[in-house]
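Below is one structure, written out as structure tokens, with a few remarks after it.
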Amino acid sequence: MNLKQFIQEISPTQSEISMISISWNEIRETIQQKSEIINYSFLTGSYSRHTKIHPIDDLDIFFKINFWNTYYYENDWQYIIYIEEDKLYNHQLKDFIVDFDWKKCISPIKIINHIWSIVKNRYSTTNEQWRNWECYTAFFSSYNLTIDCVPYWQVNDGDFFLIPKWWRDIFWKRTNPRIDNEKINELNNFYDGKLKDIIKVLKYWNKKYNESRFKSYHLECLIYYGFQEKCNINMSYIELIQEVLEYISDNLKEYQNIIDLPCFDYMYFNFSHNQKNMILESIEIFDDKLKYWEEYVVAYLKN
């Protein structure tokens, strides 16, 4: 089996995609029907970028919050959403207010907890539910599926959304998953589909052989920038993997962070010294296997 055949094997099947569509539509409809402040949502993350591998075990859904009569303040990549003073007492988000600096602002944690309460009431037998960084997360055992529900505000005068910044009850941060998709698709088309193929291969390796594991989105960003800086269109799959692994290794040794694709924020891997060394060792082992033919590499990955 060559790498192209292996990539097809680890990609989600059509029946799996159909099953997942039913589950995520169900939860988004539940939240939109039960909430007075949410009327739109969309699927994002690696599923929407078509960089998932089998099995599909997690999804990301963005839920749009109706932030009327509000304005935002930015300070060093951190944002606060304030309510206009004359709109405080009849504001549709008055139940989600906290005080900060003598003003009233929207609490991201209260918004997340609002989503949490809706899902908890609807799916009372769901195994696990928790607030997870910038989102509410639920695990559905019947689908063996984790769903992250992320509230967002679409900024009218900018090319970004604001989503909760996990560690404070007042701060939001910039993101734009549509830019992620556009940049991944553009570079993937330039490389005749090889970018997404390599993302899938390295996600499989990251999950199976990399005990300290990169987060999925962090790994996609590393691969994207690796393609930009070290690769060319004439390289084989083996050569592309080698160059990207070298980029990842160099980044981990020197920076231990990567900027997101919209170039809004630096994301830190937060690995300990031992974890970093374990990853570098895994990269070295995999790189050694890449000195041989494709079938040998596939046999190593599947072993």
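Give me the accessible area per residue for the chain, probe 1.4 Å, as a whole number in Å².
50 Å²
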The stretch 203-256: proportion of alpha-carbon pairs further apart than 15 angstrom, %: 48 percent
Amide H contacts of Ile259 (H built 1.01 Å from N, under 5 Å, at least 5 apart or other chain): Met267
P(r) weight above 18 Å for the stretch 9-85, C-alpha pairs, percent: 57 percent
In nm, spacing of pseudo-spin labels at Glu29 and Lys289 (7 Å Cα→C-beta vector): 4.3 nm
Taking the chain and dividing mean pair separation by its residue count, relative contact order in percent (alpha carbons under 8 Å, at least six apart): 17 percent
For the stretch 22-36, 3J(HN,Hα) per residue [Karplus equation, 6.51 cos²θ - 1.76 cosθ + 1.60, θ = phi - 60°, Hz, x = Gly/Pro]: 5, 5, 6, 5, 5, 6, 5, 5, 4, 5, 5, 6, 8, 9, 8
Quotient of C-alpha Rg and 2.2 N^0.38 Å, computed over the chain: 1.09
Partner lysines for Lys64 [C-alpha distance under 19 Å; skip if fewer than 8 residues away on the same chain]: Lys34, Lys94, Lys110, Lys165, Lys173
Over the chain: helical MRE at 222 nm, DSSP H runs n ≥ 4 each giving -39500 (n - 2.57), nearest 500: -14500 deg cm²/dmol
Per-residue HN-Hα couplings for the stretch 11-21 [Karplus 6.51, -1.76, 1.60; θ = phi - 60°; Hz; x = Gly/Pro]: 7, x, 7, 5, 5, 5, 4, 5, 5, 5, 4
Distance between modelled label sites at Lys110 and Ser18, nm, 7 Å Cα→Cβ extension: 4.5 nm
Leu145 long-range amide H proximity, modeled H, under 5 Å: Phe140
Square roots of 5 times each gyration tensor eigenvalue, C-alpha, the stretch 145-303, largest first, Å: 30, 19, 14
FRET efficiency estimate (nearest 0.05) - Cβ-Cβ, Tyr71 to Cys263, R0 22 angstrom: 0.35
Accessible area (Å², 1.4 Å probe, nearest 10) - Met235: 30 Å²
Other-chain or far-sequence residues with amide H under 5 Å of Ile170's (modelled H): none
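The values are calculated or read from the model by the stated rules, or taken from the named source; none is laboratory data. Note that the structure is predicted; figures quoted are calculated from it, not measured. Backbone-built Cβ (ideal geometry, glycine too); neighbour counts: all protein chains shown. We work out accessible area using only protein heavy atoms, side chains counted, and drop any ligands, DNA or RNA first. Shrake-Rupley method; radii C 1.70, N 1.55, O 1.52, S 1.80 Å.
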